[in-house]
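K.L.:
The structure that follows is given in the form of structure tokens.
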Ligand code: SAM
């Protein structure tokens, strides 16, 4: 296993590393027989941890944030995945590359001797590295395919783009999944079409955030919309997505799109009153630059910027894992728009851990079910090649399970 992006100090301190490896061993369900570490000057270390049926050997190169851990076990019952998970977590590695070489059985048989059959053994070696998102006692791992395509730190966040074996291409910010090309349409179609097909004639839309371009791509599909202003604080996200995620970034090059690199909070603060029909807050979780987007004051300003019959759509987090934020912002929506004009939508985004996600539909009087234009909706669904939104999903998204109704005080 090769660990990338590990803290250099940790990789030089055997007093800290030894107990971590002991934790990995217990995650394997094995026991340490003896451990021996040697630290080098000016930095780095080598260590061995002996087990009953195998061993772990560790070498570290702190100057490059890299460590290699070889693990040998003749016990076929060990839980390798758990060890990889634990290792990545305990060392807070950016990435864990894993190469598995079957051993113990079969190597003695002639057809499997390394000399005779390197191809077969090579073929069995699976080069696997994993990206893991950790949050509130949960983890979501995706097997990475090939090398990291983009990895830079902007003034705002750590931007990564990489291919996966199962979920297409993935964008993460600060190691939180923003989109996968395999399921991005769920979020982008539901962030836009219910509002655009409930509003009788939306002309101007505003997107705050949305640096991957998917929300703009979907808004631009509506013929009545003439202009989409998109305010994204981080130009690096826009450039990286334009370069590596054309499937969503194409939205930002649409003639209707006017892209502004700036803070959405400032933009809304200075925007003309009653100047937009639809506003989509397509932001990261309420951390650092996004924090101010999850406040009552911001929603009040957004309300003023909406025209009559205007609709505000907000990425309103998961009612499963972000309960406090979820409840807090819906109380803000109720204060600003009035409870009768606030509607929670449930959507299923497998790569947004834990998969259950919500969007808020807040209007100046229109109801997402009572006022949806069924004729236009039917024609739109028939004309567009959509993958998630349709009449039934529009209707169903507003049906809330009991636990969500309780969180919102709707019971
Ligand atoms: N769909 C994703 C989700 O639900 O988490 C969000 C995707 S989009 C990449 C989120 C964007 O919000 C990021 O590119 C981030 O830079 C941007 N953002 C965060 N705070 C912002 C702010 N105050 N003004 C404008 N953009 C902001």
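Read-outs throughout are calculated quantities, based only on the coordinates presented, and are distinct from any laboratory measurement. None of the values given here were measured: they were computed from a predicted structure. Because the Cβ atoms are built from the backbone with ideal geometry, glycine has one as well, and the counts that use them run over all protein chains shown.
K.L.:
For q values of 0.11, 0.13, 0.16 Å⁻¹, compute log₁₀ I(q)/I(0) with the Debye formula on a Cα-only model of segment 172-328, without solvent.
P.N.:
-0.39, -0.55, -0.86
K.L.:
Taking Cα atoms, how many degrees apart are the long axis of helix 374-383 and the longest axis of the chain, rounded to 10 and kept between 0 and 90?
P.N.:
It is inclined by approximately 40 degrees.
K.L.:
For 216, 323, 69, what ranking results if the residue with the fewest other Cβ atoms within 10 Å of its Cβ goes first?
P.N.:
Working: 216 30, 323 13, 69 22.
The order, fewest Cβ neighbours first, is 323, 69, 216.
K.L.:
Please give the Cα centre distance for segment 324-386 versus segment 1-76, rounded to the nearest Å.
P.N.:
Rounded to whole Å, the Cα centres lie 49 Å apart.
K.L.:
What is the chain's relative contact order, in percent, from Cα pairs under 8 angstrom and six or more apart in sequence?
P.N.:
Taking the mean separation of contacting Cα pairs over the length of the chain, I get 11 percent.
K.L.:
To continue, here is another question. Length gain on complete extension for the stretch residue 99 to residue 15, per 0.36 nm per residue less the alpha carbon to alpha carbon distance?
P.N.:
27.5 nm
K.L.:
For segment 296-386, with equal point scatterers placed on the C-alpha atoms only and solvent neglected, what are the log10 I(q)/I(0) values from the Debye formula at q = 0.19, 0.26 1/Å, to two decimals?
P.N.:
With one equal scatterer per Cα and no solvent, log10 I(q)/I(0) is -0.96, -1.22.
K.L.:
Apply the a/c threshold of 1.5 to the C-alpha gyration tensor of segment 239-397 and tell me whether it is rounded, prolate or oblate.
P.N.:
rounded
K.L.:
Taking square-rooted eigenvalues a ≥ b ≥ c of the alpha carbon gyration tensor, is segment 234-294 rounded, prolate or oblate, where a/c under 1.5 means rounded and, failing that, a/b exceeding b/c means prolate?
P.N.:
Oblate shape, in that a/c is at least 1.5 and b/c is the bigger or equal ratio.
K.L.:
What is the helix-to-structure angle for 323-337, meaning the angle in degrees between its Cα long axis and the longest Cα principal axis of the chain, kept from 0 to 90 and rounded to the nearest 10?
P.N.:
Computed tilt is about 10 degrees.
K.L.:
Answer rounded, prolate or oblate for segment 135-217, using the Cα gyration tensor with square roots of eigenvalues a ≥ b ≥ c: rounded when a/c is under 1.5, else prolate when a/b is larger than b/c, else oblate.
P.N.:
Details: a/c = 2.30, a/b = 1.88, b/c = 1.22.
Prolate, since a/c reaches 1.5 and a/b exceeds b/c.
K.L.:
Hey, another quick one. Give me 10, 287 ranked fewest to most by other Cβ atoms within 10 Å of their Cβ, as a rough exposure proxy.
P.N.:
Ascending Cβ contact count within 10 Å gives the list 287, 10.
K.L.:
For the chain, take the longest principal axis of its alpha carbons; what is the angle in degrees between that and the long axis of helix 80-90, to the nearest 10 within 0 to 90?
P.N.:
Helix 80-90 sits at roughly 70 degrees to that axis.
K.L.:
Fewest to most neighbouring Cβ within 10 Å: what's the order for 9, 296, 133?
P.N.:
Ranked by crowding around the Cβ, least crowded first: 9, 296, 133.
K.L.:
Continuing with the same structure: If we restrict to alpha carbons, what Rg and Dmax does the chain come to, in Å?
P.N.:
According to the Cα coordinates of the chain, Rg and Dmax are 25.3, 80 Å.
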